[in-house]
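Here is the structure we will look at.
Just so it is clear, none of the values below were taken in a lab; they were calculated from the coordinates. Small disclaimer: the values here were computed from a predicted structure and weren't measured. Methodologically, a virtual Cβ is constructed for each residue, glycine included, from the backbone with ideal geometry; neighbour enumeration extends over all protein chains shown.
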Amino acid sequence: MVLILNIETSTQVCSVALSRNTEILSVRESQDEKSHSTLLGVFIEDIFNTESVERSDIKAIAVSRGPGSYTGLRIGVSTAKGIAYGLKIPLIAVDTLQAMAWGIISIPEFRTQLPEDVNIWLCPMIDARRMEVYHAFYNLRCEPMREVAAEIIHPGSFREILSRQTVLFFGNGSGKCKHVLDHPNALFIEGFKPSASHLTEFSLRKFRKKEFEDVAYFEPFYLKDFIATIPRKNIFR
């Protein structure tokens, strides 16, 4: 029996899931933006108390590694590293976009919306402001078909892929792209949100393969540098 605590904070969703092998025992999550620093510790403590789990029972902690929100990733990773160090357990990093791909095919609500008998690729998208998104392409086995990238979406985006391939776009960055990617092979699913429960398949695989991170040196996968901006209302103060 492998108990793993999974953390997802790469987007506006703050989520924690406790898994036992492939079974999800408990999930806590909130979609309130900018609440990660307040809620993450509360969710973790609540899961321990509600499930009557001793900290010594946890075999590893997994965290969504990015790409995504700079602040969200920092909070999630720093919390995961602190727990891993304190409990002397392995730290596991799961690709955020790959976990999203697993979520879309493992949740019946979304799985039933996939067209049958179609060679389809999955393209999870995370909003990176304006018309830019973080994205990657996966097949239905969640195997990467194209590397993770940050891209400004325009009418010609992915034309080569869409000319030969049906692609399902989803995630909080896909909504703003729907009117731009006007192609018969471009499909969109609304309402999908990342969850720590989507990490569990990959966190278990990595635990069994002993694919662990160095707690001291591991950093989130930001994909691009963080740029601090000054709110418009404060520019002339």
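Packing-wise, with mean Cβ within 10 Å as the measure, how do 133-142, 153-162, 12-21 rank, highest first?
Numbers: 133-142: 20.1, 153-162: 14.4, 12-21: 22.9.
Ranking the peptides 133-142, 153-162, 12-21 by packing returns 12-21, 133-142, 153-162.
What value, in deg cm²/dmol to 500, does the helix sum -39500 (n - 2.57) over DSSP H runs of n ≥ 4 give at 222 nm once divided by the residues of the chain? Mind showing how you got there, number by number?
Values: 6 runs with 62 residues, N = 237.
Here the helix-only value at 222 nm equals -8000 deg cm²/dmol.
Restricting things to alpha carbons, tell me how big the stretch 28-123 is in terms of Rg and Dmax, in Å.
So, for the stretch 28-123, Rg and Dmax equal 16.2, 49 Å respectively.
Run the reach check for residue 206 against lysines, Cα to Cα strictly under 18 Å, same-chain hits fewer than 8 apart removed. What comes back?
59, 81, 88
For residue 209, give me every one of the aspartates and glutamates with a C-alpha distance below 19 angstrom, ignoring sequence neighbours fewer than eight places off in its own chain.
The reachable aspartates and glutamates, counting only those whose Cα sits under 19 Å from residue 209, are 23, 95, 143, 201.
For labels at residue 111 and residue 1 in the simple 7 Å Cα→Cβ model, what's the distance in nm?
2.5 nm
Most fluctuating residue of 143, 201, 29 in a GNM of the chain with Cα springs under 10 Å: which is it?
Of 143, 201, 29, the Gaussian network model singles out 143 as fluctuating most.
Using a Förster radius of 41 Å, what is the FRET efficiency between residue 159 and residue 209 based on their Cβ-Cβ separation? Nearest 0.05, please.
Calculated transfer efficiency: 0.65.
Under 14 Å from the Cβ of residue 184, count the other residues' Cβ atoms, weight Lys and Arg +1, Asp and Glu -1, and hand me the total.
+2
With the Cα gyration tensor of the chain in hand, give its eigenvalues times 5 under a square root as the equivalent ellipsoid semi-axes, listed largest first in whole angstrom.
They are 30, 23, 15 Å, listed from largest to smallest.
Can you give the FRET efficiency for residue 35 and residue 87, using 1/(1 + (r/R0)^6), R0 = 22 Å, r = Cβ-Cβ distance, to the nearest 0.05?
Rounded to the nearest 0.05, the efficiency is 0.35.
Along the Cα-to-Cβ line of residue 56, 7 Å from the Cα, sits a label point; which residues in the stretch 66-90 have backbone N less than 20 Å from it?
Answer for the stretch 66-90: 83-90.
The stretch 1-29 to the stretch 108-154: how many Å between their Cα centroids?
Here the answer is 22 Å between Cα centres.
Can you pull the percent of Cα pairs in the stretch 97-188 with separation above 17 Å? Present the calculation step by step, with values, prior to reporting the outcome.
Values: 1804 of 4186 pairs.
So the portion of pairs separated by more than 17 Å is 43 percent.
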